[in-house]
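Worksheet: one structure, shown below.
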Amino acid sequence: MNAIIIDDHPLAIAAIRNLLIKNDIEILAELTEGGSAVQRVETLKPDIVIIDVDIPGVNGIQVLETLRKRQYSGIIIIVSAKNDHFYGKHCADAGANGFVSKKEGMNNIIAAIEAAKNGYCYFPFSLNRFVGSLTSDQQKLDSLSKQEISVMRYILDGKDNNDIAEKNVHQQQNCQHL
């Protein structure tokens, strides 16, 4: 596997680079800002993109959103020292495969990559906190998007991730709806 690292902190880049290399992941590029990130990902076509939320120019979530809109299907892991729950929710909504808090330690990046390789997402916090302000079951149901409801119907019908993907639901986004 190979990866691109996008982070503006030299120590974070070094830590991520060393972690990936130690796990036999080749580094294709290291970027310190988001402005050229989409073009580099489209040119180099990495298996994995590790993006810091708070990078100069185009921020990490904007890079993530643009890559997914352009049908990039590789693994995207977002890292941040910022508020886990706020940014984690936005990253999940935008199609990230995982979110790793720099406060928790960089080793979780490998856990996030492994989860994504196996068809899962890695968000190490309770999604219930995102809907904690919703009190009734009906409010919780009403808060679901059409896509989330569609995925739930397939699951209730006994479909697995591959079956759902065949029904024109993007497989890399299924985990965020679960």
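The values are calculated or read from the model by the stated rules, or taken from the named source; none is laboratory data. All figures in this text were calculated on a predicted structure; none of them were measured in a lab. Using ideal geometry, Cβ is built from the backbone for each residue, glycine included, and neighbour counts are taken over all protein chains shown.
Quick notes
- The strands (runs of 3 or more DSSP E) located wholly in region 20-106 that include 1 or more residues which are of a type in the set (A, V, I, L, M, F, W, C), touching a Phe, Trp or Tyr at 6+ places or on another chain (Cβ under 6 Å) and closer than 18 Å to Y120 by Cβ occupy 75-80, 98-101.
- Just one of the listed residues (N83, N59) is over 16 Å from A116 (Cα atoms) and at pLDDT 90 or above, namely N59.
- Residue match in region 52-71 (condition: of a type in the set (K, R) and either in the same structural domain as N161 (by TED's automatic domain parsing) or in contact with a His (Cβ under 9 Å, 6 or more places away or on another chain) (or both)): yes
- Any chance D54 is of a type in the set (D, E, K, R) and touching an Asp or Glu at 6+ places or on another chain (Cβ under 9 Å): yes
- Being assigned by TED's automatic domain parsing to the domain that holds I77, surrounded by fewer than 18 Cβ atoms within 10 Å (Cβ to Cβ) and touching a residue at least 40 places away in the same chain (Cβ under 8 Å) is not true of A29.
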